[in-house]
Amino acid sequence: MTDAPLAPVDLRSDTVTRPTEAMRRAMAEAEVGDDGYGEDPTVNALEARVAARLGRAAAMYVPSGTMANQVALRLLGRPGTLVVAGRRQHVIAHEAGAAGVNASAQLHAVDDPGGIPSHEELSWLIEARDHHWPEVSAVFAENTHLMAGGAPWGAADLERLAAPGLPVHLDGARLFHAEVALGVPAAELSAAATTVSCCLSKGLGAPVGSLLAGSAELIDRARSERKRLGGSMRQAGIVAAAGLVALDQHVERLADDHRRAAQLAGAVAERWPGAIDPTDVRTNIVLFGHPDAAALLAHLHASGVRAGTVGPGLVRFVTHLDVDDDGLARALDAIRTAP
Ligand SMILES: Cc1ncc(COP(=O)(O)O)c(C=O)c1O
């Protein structure tokens with residue numbers, strides 16, 4: 001009898017995780033009600049938990065991180081103005097152009113070295129209004145920053161972005177990764193933002209769900225925006241239950257994902273000197289350029305490892321709940337023998 005083939009080690013994204021047994025049990029047992037009436041106790045518990053964790057008066061459950069960003073755009077960006085964001089941020093690069101459809105503000109891209117939108121460019125744009133440029137109505141930032149290789153960044157930089165007094169939204173899809181990497185609570189990292197989002201389905205292992213947090217007044221308005229986007233749900237406690245388990249059980253363990261990503265980055269640097277500086281990899285994302293990414297992905301695939309690209313020639317490995325040390329060892333071997 002031959003052994004069953006091993007499941008592939010899936011490094012394409014931290015969204016590929018499957019709910020754990022504890023999550024499935026919590027989902028089966030979840031108390032639910034109609035969230036359209038505010039009567040789902042599990043959704044209410046999740047919203048209260050996240051609001052407290054992010055140091056906010058209120059939070060709202062949404063189906064996706066994209067919807068959290070789009071609701072924030074509609075809340076903070078005014079029609080006919082500029083919303084400034086880092087040029088590689090998810091809201092600019094990966095939301096299928098949603099901002100152009102859902103919000104009538106114009107996204108204005110600035111450089112985002114280290115994942116932080118340029119303070120200098122923001123100041124320049126604010127002043128440029130006196131010189132025939134459109135007004136800036138809001139600023140969007142992202143922590144950790146996906147396309148900067150999962151870079152986590154500190155509260156002081158967000159304070160500088162907020163200093164001119166414009167509303168700031170922080171896309172915190174992986175804010176808990178930043179919390180663990182920097183040893184600074186998510187509430188502190190996001191304190192200067194007007195609204196902050198976080199995702200339960202990226203690395204934390206929940207099947208669905210993100211939250212948008214802010215003042216009670218803003219989140220009240222956010223509920224209308226969510227409805228306009230078709231994002232109001234009914235007995236959503238079924239999935240919110242898994243989100244509560246994710247928060248209880250899967251935040252501290254992100255340190256394991258960060259350690260494994262650092263090991264992957266070390267192997268990449270050995271195999272392709274100069275492709276990456278492993279000390280830059282501080283969370284769960286490894287991004288590097290490769291001259292023949294298609295050949296590399298094919299080799300990895302044949303070795304039982306799945307990876308992806310996030311730009312031409314830009315290869316990405318992401319560690320998560322479903323990649324353990326055995327999976328890591330298989331991925332390291334595949335990198336060492338790669339073209
Ligand atoms: C930084 C960031 N923001 C937002 C999102 C959007 O999340 P979703 O896929 O749940 O819409 C993602 C998705 O990977 C992301 O990486």
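Output ³J(HN,Hα) for the stretch 164-181: one whole-Hz value per residue in order, computed from phi by the Karplus curve 6.51 cos²θ - 1.76 cosθ + 1.60 with θ = phi - 60°, and x for Gly and Pro.
Here the 3J(HN,Hα) series is x, x, 7, x, 10, 9, 9, 6, x, 3, 10, 5, 6, 5, 5, 4, 6, 5 Hz.
Please label the shape of the chain as rounded, prolate or oblate, based on the square roots a ≥ b ≥ c of the eigenvalues of the alpha-carbon gyration tensor (a/c under 1.5 means rounded; beyond that, a/b larger than b/c means prolate, else oblate).
Judged from the Cα gyration tensor, the chain comes out oblate (a/c at least 1.5, b/c at or above a/b).
Just from its helices, what would the mean residue ellipticity at 222 nm be for the chain, if runs of 4 or more DSSP H residues each count -39500 (n - 2.57) and the sum is divided by every residue, rounded to the nearest 500 deg cm²/dmol?
-12000 deg cm²/dmol
For residue 295, project a label point 7 Å along Cα to C-beta. Then give me every residue of the stretch 248-274 with its amide nitrogen under 19 Å of that point.
268-274
Determine ³J(HN,Hα), in whole Hz, for all residues of the stretch 83-95 in sequence, where each value follows from phi through the Karplus function 6.51 cos²θ - 1.76 cosθ + 1.60 and θ = phi - 60°; x replaces Gly and Pro.
10, 8, 8, x, 5, 9, 5, 3, 5, 8, 8, 10, 10
Please compute one quarter of the surface area of the Cα convex hull for the stretch 65-138 and express it in square nanometres.
4.7 nm²
Under a Cβ-only charge scheme (Lys and Arg +1, Asp and Glu -1), can you give me the dipole magnitude of the chain about the Cα centre, in debye to the nearest 20?
520 debye
Specify which residue in the list 126, 143, 247 is farthest towards the positive end of the charge dipole of the stretch 117-270, using unit charges on the beta carbon of Lys, Arg (+1) and Asp, Glu (-1), about the Cα centre.
247
Explain nothing, just compute: Karplus ³J(HN,Hα) = 6.51 cos²θ - 1.76 cosθ + 1.60, θ = phi - 60°, for every residue of the stretch 272-283 in order, whole Hz, x for Gly and Pro.
Listing the rounded values in order: 10, x, x, 5, 7, 9, x, 6, 6, 8, 10, 10 Hz.
Calculate log10 I(q)/I(0) of the stretch 199-339 for q = 0.12, 0.20 Å⁻¹, where I(q) comes from the Debye formula with a single equal point scatterer on each Cα and nothing for solvent.
These q points yield log10 I(q)/I(0) values of -0.63, -1.11.
Toward the positive end of the charge dipole of the stretch 253-336, about the Cα centre and with charges on Cβ (Lys, Arg +1; Asp, Glu -1), which of 313, 323, 287 goes farthest?
Towards the positive end, the residue furthest out is 313.
Evaluate E = 1/(1 + (r/R0)^6) for residue 78 and residue 6, where r is the Cβ-Cβ distance and R0 equals 51 Å; express this FRET efficiency to the nearest 0.05.
0.45
Percent of Cα-Cα pairs more than 16 Å apart in the stretch 253-336, please.
47 percent
Simple spin-label model, 7 Å along Cα-to-Cβ: residue 336 to residue 128 in nm?
5.1 nm
First measure r as the distance between the Cβ atoms of residue 216 and residue 37, then evaluate 1/(1 + (r/R0)^6) with R0 = 22 Å and state the FRET efficiency to the nearest 0.05.
That pair, residue 216 with residue 37, gives E of 0.75.
No lab work stands behind these numbers, since they all come straight from the coordinates. What you see is a predicted model; the values in this text were computed from it and never measured. Because the Cβ atoms are built from the backbone with ideal geometry, glycine has one as well, and the counts that use them run over all protein chains shown.
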